[in-house]
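What follows is one structure encoded as structure tokens, with my remarks underneath.
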Amino acid sequence: MDGKSSGTTTAFLRDAGGGERPREPWKGELVKSIVYAGLDAIITSFSLISSISAGRLSSVDVLVLGFANLVADGISMGFGDYVSSNTERDVAVKERLVTEWEVINRRRCQEQALLRRYQSLGMNIDDATTVVNIFAKYEDIMVDEKMVQDGILSPDEGEKPWKKGLITFGAFLVFGSAPILAFIILIPFTRNDTHKFIGACILSALSLAALGAAKAKIAGQNYMLSVAGTLFNGALAGFAAYMIGWLLRDVAGLED
């Protein structure tokens with residue numbers, strides 16, 4: 001956010017007497033990993049089930065292919081989250097080394113950069129100079145401030161990469177199982193694969209709605225819009241997968 005928009009927002013809140021305090025989003029990185037891995041897992045599993053059902057394969061095929069795909073995708077997602085988080089941390093470590101060198105060897109340039117930054121945020125020259133002079137006394141603090149100004153997180157911030165990867169893997173397995181569970185739960189009650197597919201649709205919709213609400217809570221968004229968007233995403237993906245399965249079997253002539 002630039003200085004002008006920040007100042008405008010602050011002025012608006014001041015003129016309104018503060019008003020109601022804006023909803024604060026959740027900040028837990030692990031919670032975000034759970035929600036977004038869960039959303040991806042449900043949509044992936046439901047899309048697979050839709051394509052299999054359109055191809056008129058049996059419930060056994062759904063269970064075998066569904067769980068095999070779920071585990072494989074879960075491993076891929078978890079490992080991908082670990083690698084990306086680890087790379088992000090390595091980059092932050094190198095960026096800090098560069099910033100430390102810049103502060104030590106080009107202190108004047110760094111002070112001028114901070115001075116211009118604070119002036120762009122609305123500080124007058126005297127206040128900005130005072131703030132920069134205070135930071136200049138403490139090398140580590142000035143390094144931290146420069147990294148924040150450059151939009152770089154400290155290497156020590158955030159969750160451990162291995163923990164994020166493990167959480168992503170677990171969330172993918174748990175939530176991705178929801179559409180497949182319908183075929184297991186309904187085994188004692190019906191042999192009709194269409195009924196089982198309808199059950200999978202219902203379980204998927206309930207799971208997507210719950211995660212859509214969780215996403216709204218995390219981001220401080222409107223609950224109805226978030227749930228509607230999540231359900232639309234799942235329905236669109238499921239419809240596309242179903243149509244592809246139907247086309248390949250009936251139109252392209254891929255019969256048994």
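The values are calculated or read from the model by the stated rules, or taken from the named source; none is laboratory data. Just so we're clear, the structure is a prediction, and the values are computed from it rather than from any experiment. Ideal geometry is used to build each Cβ from the backbone, glycine not excepted, and the neighbour counts take in all protein chains shown. Calculation scope for accessible area: heavy atoms of the full protein, side chains included, ligands and nucleic acids excluded. Shrake-Rupley method; radii C 1.70, N 1.55, O 1.52, S 1.80 Å.
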> Among the lysines in the stretch 27-248, how many pairs, 8 or more places apart or on different chains, have alpha carbons under 12 Å apart?
Replying inline: 5
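Percentage of Cα-Cα pair distances in the stretch 27-248 greater than 20 Å, rounded to whole percent?
Numbers: 16624 of 24531 pairs.
Considering the stretch 27-248, 68 percent of its Cα-Cα pairs are separated by more than 20 Å.
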>> If I model a spin label at D144 and A240 as a point 7 Å from the Cα along the Cα→Cβ vector, what separation in nanometres do I get?
In response: 4.5 nm
>> Given the whole protein assembly as supplied and a 1.4 Å probe, what does the accessible area of T99 come to in Å², nearest 10?
In response: 10 Å²
>> On a 1.4 Å probe surface of the protein chains, which of C109, C201 comes out largest in accessible area, and what is the full order?
In response: C109, C201
> Taking a probe of 1.4 angstrom, what is the accessible area of R249 in Å², to the nearest 10?
Replying inline: 30 Å²
> Taking R0 as 41 Å, what's the FRET efficiency between E88 and L248 from their Cβ-Cβ distance, rounded to 0.05?
Replying inline: 0.55
> With every protein chain left in place, what is the accessible area of S76 in Å² (1.4 Å probe, nearest 10)?
Replying inline: 80 Å²
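Which order do I49, I167 take when ranked by solvent-accessible area (1.4 Å probe, heavy atoms of all protein chains), largest first? Numbers along the way, then the final one.
On the way: I49 0, I167 55 Å².
The ordering from most to least exposed comes out as I167, I49.
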>> I'd like the carbon and sulfur percentage of the solvent accessible area for the stretch 27-248, probe radius 1.4 Å, heavy atoms only, ligands and nucleic acids excluded.
In response: 65 percent
